[in-house]
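Note sheet for the following structure.
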């Protein structure tokens, strides 16, 4: 009996060790049970003019998202504004971007706009993605969102997750902002994923040991001198460890 207990304990310890030593790897699609958030901004003035409360407009949008079959199933993440908003929080903390990671809207993007119905289209700003950087203003007063290098973004999850992914836009084909992306999870980094200007890709990270935090690291091109900008992303997705 004592020998059996020792063998059982060894098996359990081996299992725990293998989980602890799991290595994060790049993925190109999410597994079953994923929740995917897309950014939207409510146009309060137009919502009120249409005789709707903000809550009613948000509910109608989510119904629209649920009925759509041309894109992955999306859950709306409502952002409070369109310039230097922080922190960005989706799903009551399900996904949180750290305080230093700014959200900016109104920049060129290759990410497709969600096809809102004619009724809802005037009520929301279709963001197409989030640019995690504080904007600057040039000499003639034009807002230039962007950076002279790729920006590191920190993401926190309310529950332990096994997968995280996002749709990434590296920038314009003629002047990409960044040329690569990788993820830091459990103090380990994935391989580098190459990005191409003008071609959004879905990429992400998986770790069977689970994680509550991930750091997204981009690097490479700095874009043109007139519009250097950080990378843009949308369709932020995760699979809970419990569902993996």
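Need pairs with beta-carbon distance below 7 Å; first residue over 15 Å from residue 39 (Cα atoms) and within the stretch 53-69, second in a helix (DSSP H, G or I) and modelled with pLDDT under 95; sequence gap 6+ or separate chains. Sorted first by the residue in the stretch 53-69, then by its partner, the pairs are 54/44; 54/47. For the stretch 1-30, filtering for residues that are in contact with a strand residue (DSSP E or B) (Cβ under 7 Å, 6 or more places away or on another chain) and modelled with pLDDT under 95 leaves 4. Quick check on my filter: what residues within the stretch 41-59 are under 30 Å from residue 29 (Cβ atoms) and either surrounded by 17 or more Cβ atoms within 10 Å (Cβ to Cβ) or within 19 Å of the chain's Cα centre (by Cα) (or both)? Residues satisfying the conditions are 41, 58.
The values are calculated or read from the model by the stated rules, or taken from the named source; none is laboratory data. Every value quoted in this text rests on a predicted model; they were computed, and no experiment measured them. Neighbour counts run over all protein chains shown; Cβ positions are idealised from the backbone, glycine included.
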